[in-house]
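Some notes on the structure that comes next.
What follows draws every value from the coordinates through simple rules; no lab data is involved. Computed from a predicted structure; not experimentally measured. Every residue, glycine as well, gets a Cβ built from its backbone with ideal geometry; the counts of neighbours run over all protein chains shown.
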Amino acid sequence: MHDYDQGGFKVDMPVDLGLCLDARHVRISSLTQLLPIIERFEMRMRLLGYPRKDIFATMLALVEVTTNAIRHGNRRDPTKQVLIRYLMDPDETLIEVEDEGEGFDPTRVPDPLAGENVGRPFGRGLFLARAYTTWMTFNSRGNRVTMCRRRSAQ
């Protein structure tokens, strides 16, 4: 589909799905509005023949990143929206989640595996999303996350 990473798994340049004319999008302002989107993504990935592990990984990453956008980015403000853009084909799924918040510096997010953070009941969302995607990038402002999940070998 798109060779943003030139054959490897690391992407150094920011990706903006808003520049892709065929990208679909949806806007939400609460976590309750996320369930129909998850169901739509899952159905579409199933129709495209993705293995269950890819569907699970993509849904987990989408939920974690969108939850962070609503809770931390938009600070649960119901007047603010989260924009979810996506492109899916049989080889990869690209998802972009953008909130209306001030943004954050992803390099300053505490490592949940560090000794002092292991027992904390929160702080693993971004870690999990990174672990379950092929690659992930952030815009310079830190309010837009773009992630990719490539199809696994069956």
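Result for the chain in a Gaussian network model with C-alpha springs under 10 Å: among LEU62, LEU87, LEU35, the largest mean-square fluctuation is at LEU35.
Can you compute the FRET efficiency between GLU102 and ARG46 using 1/(1 + (r/R0)^6), with r the Cβ-Cβ distance and R0 = 35 Å? Round to the nearest 0.05.
Computed FRET efficiency for GLU102 and ARG46 comes out at 0.40.
Amide H contacts for VAL82 (H built 1.01 Å from N in the peptide plane; partners 5 or more residues away or on another chain; cut-off under 5 Å): ILE28, SER29. Loop sites here are chymotrypsin sites (Phe, Trp or Tyr not before Pro) outside DSSP states H, G, I, E and B with no more than 15 other Cβ atoms within 10 Å. The longest part of the chain free of them is 10-121. Diffusion coefficient of the chain by Stokes-Einstein, Kirkwood radius over Cα pairs, 25 °C, 0.890 mPa s: 154 µm²/s.
As a test of the formula, what do you get for the chain when each DSSP H run with n ≥ 4 contributes -39,500 (n - 2.57) and the sum is divided by the residue count, at 222 nm and rounded to the nearest 500 deg cm²/dmol?
-8000 deg cm²/dmol
In this structure the amide hydrogen of GLY142, modeled in the peptide plane, comes within under 5 Å of the amide hydrogens of PHE104, none closer than 5 places in sequence on its chain.
Taking 0.36 nm per residue of separation and subtracting the current Cα-Cα distance, fully stretching the chain between LYS53 and SER30 would add 5.6 nm. Charging the Cβ of each Asp and Glu at -1 and of each Lys and Arg at +1, and nothing else, the dipole of the chain about its Cα centre rounds to 460 debye. The loop-placed trypsin sites (Lys or Arg not before Pro) in region 53-127, going by DSSP, that have at most 12 neighbouring Cβ atoms within 10 Å of their Cβ come out as ARG75, ARG76.
In a simple Cβ point-charge model (Lys, Arg +1; Asp, Glu -1; nothing else charged), region 62-117 has a dipole of about 360 debye relative to its Cα centre. Answer with one residue from THR137, LEU21, PRO90: the one whose Cα lies farthest towards the positive end of the charge dipole of the chain, charges on Cβ with Lys, Arg +1 and Asp, Glu -1. Selected residue: PRO90.
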